[in-house]
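Every number in this text was worked out from the coordinates using simple rules, so none of it is lab data. Quantities reported herein were computed from a predicted structural model and do not represent experimental measurements. Cβ placement follows ideal geometry from the backbone for every residue including glycine, while neighbour counts extend to all protein chains displayed.
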Amino acid sequence: MASSKIVDGKVVLVTGAGRGIGRDIALLAASEGAKVVVNDLGGSVDGEGGGSSGPASDVVKEIKAAGGQAVANTDSVSDPAGAERMVRQAVEAFGRIDGVVNNAGILRDRIFHRMSALDWEQVIGVHLMGSFYVAKAAAQHFREQQSGAYVHFTSTSGLIGNVGQANYAAAKLGIVGMSKSIALDMRRFNVRSNCVSPFAWSRMIGTIPTETEDQKARVERMKQMTTAKIAPMVVYLLSDAAKEVTGQIFAVRMNEIYLMSQPRPIRSVHSAEGWTPQAIADTAIPAMRKSFLPLDVSADVFNWEPI
Ligand code: NAI
């Protein structure tokens, strides 16, 4: 029955939906009744190499074969005009736009002292600038129709930390700030904005070295965190069932769903006379030190097997 489908009739744009997590979101959204713009420029994991229309149109074929509705788009999210075209394509093909999933991404991992300005700019360009361009292109439509839902992809590389990912961490935390700001600014238009921080086996994490037996075993376990496990949370957030849910960050790892914290003061110290650098060293830091967070990476915090 059509009426039992959670995003029935909604028009959804999913970026980077030719592969990985985005592909599964597009497939599930379509099977839950959405009309989907499947965007993917078809590049390599580091954003290099000629784009290919293959991945996006393959997903469209898959959706149509299953009886759903979809169109392919091969623009880059890091091109403002491309972002405009994606949204226009949704409106031209299906008459409106109800949801934007900012999922497209690349990696250019480098230890910080070797990170070039290009590594920085390209990752910021796809993740942070790209998420902005696509969100911005839909904003006027959302305002006019007084409804809309954004789902942006963040990462525990930004929320917690990871080695060699300063560009990616900065972009992914920037996206969290943007999402919260959109949630605040567009609440008056009934528009929602949330972040999802996924853990999933995709080509993006497929570059993890597998030299030792331990590493091999770890990778085998990670392969069980399939990309399809992320899609239900995203499709829920696009639906009217989530109409009270905005400004939040959810993490999804296999069959676990987490509500993530957002920074709040955890300790404060006060001095009636004000502080000198020496007084901070003598009093403020000793008082706060017990509450310092360790230099954790994501895997230190998520230190149990995916379940
Ligand atoms: P993936 O590499 O399998 O898929 C990303 C897709 O985005 C690719 O098909 C690629 O062609 C496309 N893309 C790249 N640049 C683009 C551009 N400029 N315009 C349009 N499309 C573009 O990666 P995966 O794992 O599915 O990642 C999806 C999202 O989830 C990303 O935002 C990633 O940062 C995030 N993420 C993934 C994690 C994981 O465990 N797989 C962990 C944390 C975050």
Compactness ratio of the range 1-127: Cα Rg over 2.2 N^0.38 Å, N = residue count? 1.12
Taking a ≥ b ≥ c as the square roots of the Cα gyration tensor eigenvalues, with a/c under 1.5 meaning rounded and otherwise prolate when a/b beats b/c or oblate if not, the range 75-184 comes out prolate
What are the equivalent ellipsoid semi-axes of the range 152-301, built from the alpha-carbon gyration tensor (square roots of five times its eigenvalues), in whole angstrom, biggest first? 33, 26, 12
Could you run the Karplus curve 6.51 cos²θ - 1.76 cosθ + 1.60 with θ = phi - 60° over the range 222-233 and give me ³J(HN,Hα) per residue in whole Hz, x for Gly and Pro? 5, 5, 6, 7, 6, 4, 5, 5, 7, 4, x, 5
Mind checking the log10 I(q)/I(0) for the range 124-187 at q = 0.15, 0.24 Å⁻¹? Debye, one equal scatterer per Cα, no solvent, two decimals. -0.48, -0.97
Looking only at GluC sites (Glu not before Pro) in DSSP loops with at most 11 other Cβ atoms within 10 Å, what is the longest site-free stretch of the chain? 49-210
Which value, in debye to the nearest 20, gives the size of the charge dipole of the range 11-259 about its Cα centre, when Lys and Arg are +1 and Asp and Glu are -1 at the Cβ? 380 debye
Name the residues whose placed amide hydrogens come within less than 5 Å of the amide hydrogen of residue 35, ignoring near sequence neighbours (fewer than 5 apart) on the same chain. 9, 10, 11, 12
To the nearest 0.05, how large is the calculated FRET efficiency for residue 64 and residue 266 if R₀ is 35 Å and r is the Cβ-Cβ distance? 0.10
Mind listing the long-range amide H neighbours of residue 154? Cut-off is under 5 Å, sequence gap 5 or more, other chains count too, H placed in the peptide plane at 1.01 Å from N. 196, 197
Can you give the relative contact order of the chain as a percent, counting alpha carbon pairs under 8 Å and 6+ residues apart? 16 percent
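Can you pull a Stokes-Einstein diffusion coefficient for the chain at 4 °C (1.567 mPa s), Rh from Kirkwood over Cα pairs, as a whole number of µm²/s?
It diffuses with D of about 64 µm²/s by this estimate.
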The answer for residue 201, listing residues at least 5 apart or on another chain whose modeled amide H is closer than 5 Å to its amide H, is 225, 226, 227
Post the alpha-carbon centroid distance, the range 166-244 to the range 79-157, in whole angstrom. 14 Å
Over the range 116-217, relative contact order from alpha-carbon pairs under 8 Å, at least 6 apart, %: 31 percent
From the phi of every residue in the range 273-282, what ³J(HN,Hα) in whole Hz does the Karplus formula 6.51 cos²θ - 1.76 cosθ + 1.60 yield, where θ is phi - 60° and glycine or proline is x? 8, x, 10, 9, x, 5, 5, 5, 4, 7
Take each of the peptides 280-293, 64-77, average the number of other beta-carbon atoms within 10 Å over its residues, and list them starting from the highest. 64-77, 280-293
The range 65-138: translational diffusion in µm²/s, Stokes-Einstein, Kirkwood Rh over Cα pairs, 10 °C, 1.306 mPa s: 116 µm²/s
